[in-house]
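These notes are about the structure you will find just below.
The values are calculated or read from the model by the stated rules, or taken from the named source; none is laboratory data. All of these numbers come straight from a predicted model, not from anything done at the bench. Using ideal geometry, Cβ is built from the backbone for each residue, glycine included, and neighbour counts are taken over all protein chains shown. When the accessible area is computed, the model is the full protein with side chains, heavy atoms only, and any ligands, DNA or RNA have been set aside. Shrake-Rupley method; radii C 1.70, N 1.55, O 1.52, S 1.80 Å.
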Amino acid sequence: MKKLRLALNKGEKLRFLSHLDYAQAVERMIRRADIRMAYSEGFNPHMKISFSSALALGVTAAAEYIDMDVLEEDSLESIMERLNRVAPPGLEVLDGKEMPDKVKKMMAICNYAIYEVTGPTTADVEWSELLKTFNEASEISYEKITPKKTRIIDVKEFVKESITAHVDDGKVTLVMGIGIYPQGTIKPSEVWNLGKDSYNWPITSDYEIHRRAIMVENEEGRFTPLEINY
């Protein structure tokens, strides 16, 4: 048995696939490619496969990551090619790596994400100046509402670096890096709406979200899950 870590995309055609449906699409792709997988034990055995994170409905991603335990002697390159031959539109294996037998769950180590949020802009402004108040603030209080509770968080605890903007054909794309920590996180949609409601960003409630990267942040820097060995 060997453990493979693969980078997959979630393209536009899969935008409105839930995380559960996305996971099932990956499993169906593995079955169609006739990849021999290791299975868990117990009453209801399932493929030994784990995902880096759960994307919200409507969010695309340049690269999602999975760890999978395979019982194949075939090479990594051949397994990737077999998967891509049967992949549905919008789902493609981009890269891969053989990992040590024991690795940490990626949901536990992937703690930083870069998002692009794009929507109409309602005014012609100098975005670098407009974003200064938000970017230079040392603390920004925000009332985060979830089904279980409402609490006040400091946005800058999670959005530590400056948001940048790019305008094209009447739409603005805001690029934001967001930390994902044990104490929680903030959604890119929440940052977008906070800017609209509290900082007079000339945007509407209409937007699309693309996750450019999901990363592992540690004392040495930020790395993709394929750049580390744990």
Flag if GLY42 is more than 29 Å from VAL117 (Cβ to Cβ), surrounded by fewer than 18 Cβ atoms within 10 Å (Cβ to Cβ) and of a type outside the set (Asp, Glu):
yes
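Only one of ILE209, ILE203, ILE228, ILE214 is outside the structural domain of ALA123 (by TED's automatic domain parsing) and either buried (at least 20 other Cβ atoms within 10 Å of the Cβ) or of a type in the set (A, V, I, L, M) (or both). Can you tell me which?
ILE228
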Any chance you could count how many residues in the range 118-157 are surrounded by fewer than 16 Cβ atoms within 10 Å (Cβ to Cβ) and farther than 30 Å from PRO182 by Cβ?
8
When residues of the range 99-111 are filtered for being more than 20 Å from LYS160 (Cα to Cα) and not in a helix (DSSP H, G or I), how many remain?
7
Are any of the residues in the range 193-205 touching a strand residue (DSSP E or B) at 6+ places or on another chain (Cβ under 6 Å) and within 27 Å of ASN9 (Cα to Cα)?
no
Matching residues, the range 173-230, being small (Gly, Ala, Ser), in contact with a helix residue (DSSP H, G or I) (Cβ under 8 Å, 6 or more places away or on another chain) and under 19 Å from GLY119 (Cβ atoms)
GLY195, SER205
Before we move on, is ILE35 more than 30 Å from LYS187 (Cβ to Cβ), in contact (Cβ under 8 Å) with a residue 12 or more places away in the chain and either open to solvent by less than 10 Å² (accessible area, probe 1.4 Å) or among the acidic types (Asp, Glu) (or both)?
no
